[in-house]
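Below is one structure, written out as structure tokens, with a few remarks after it.
The values are calculated or read from the model by the stated rules, or taken from the named source; none is laboratory data. Treat the numbers as computed from the prediction; the structure is a model and nothing was measured. Every residue, glycine as well, gets a Cβ built from its backbone with ideal geometry; the counts of neighbours run over all protein chains shown.
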């Protein structure tokens, strides 16, 4: 295991211990146990509320008992993504509160503040977009490709070009790819 991970876990446990000892000096160990049990219940309630909020946002529209797929504008999709992102952050905050520990509970309570949630959501979204681009995925469509500005995919497939100006004697027939582009050539299995 990575020594930095071990050091971080040991440091976190020491921090939790010092926080518990500090609180015990103020209210006693019985009071610390009561506070921790109350925080577990509060965290569970927060997680449940976040789950209901996400489900409510993603619930399909029903007409006469049938689910109807409504047309979603880009603005509405962004609003829904923000609501689901908020629900996710609130769920993680509830999990931090529910984990027995004063420091993790304090972090979870701080994450419940709306301004903090907005900053966290923005940071997570920008990191996710950056990661998608690093992996060669178009963030708008979720499809592989490095052509972010226009139509078409342009996905990257590992391998080498044998000859792309003329079909060789072992080249296969042309096939139409999923995005409508014609793919001509043969598949070479490196194994």
Failed condition for residue 111, given (1) farther than 19 Å from residue 53 by Cα; (2) in contact with a helix residue (DSSP H, G or I) (Cβ under 8 Å, 6 or more places away or on another chain): (1)
- line: The residue that is surrounded by the fewest Cβ atoms within 10 Å (Cβ to Cβ), considering only those in the stretch 33-58 that are touching a residue at least 24 places away in the same chain (Cβ under 8 Å) and farther than 16 Å from residue 96 by Cβ, is 58
field: Selection within the stretch 97-117 - farther than 14 Å from residue 15 by Cα and touching a residue at least 24 places away in the same chain (Cβ under 8 Å)
entry: 97, 98, 99, 108, 112, 117
query: Looking at residue 87, is it in a helix (DSSP H, G or I), within 14 Å of the chain's Cα centre (by Cα), free of Cβ contacts under 8 Å to residues at least 60 places away in the same chain and under 20 Å from residue 54 (Cα atoms)?
result: yes
query: Can you spot a residue in the stretch 126-137 that is part of a loop (DSSP other than H, G, I, E, B), surrounded by fewer than 14 Cβ atoms within 10 Å (Cβ to Cβ) and either at negative phi or modelled with pLDDT under 85 (or both)?
result: yes
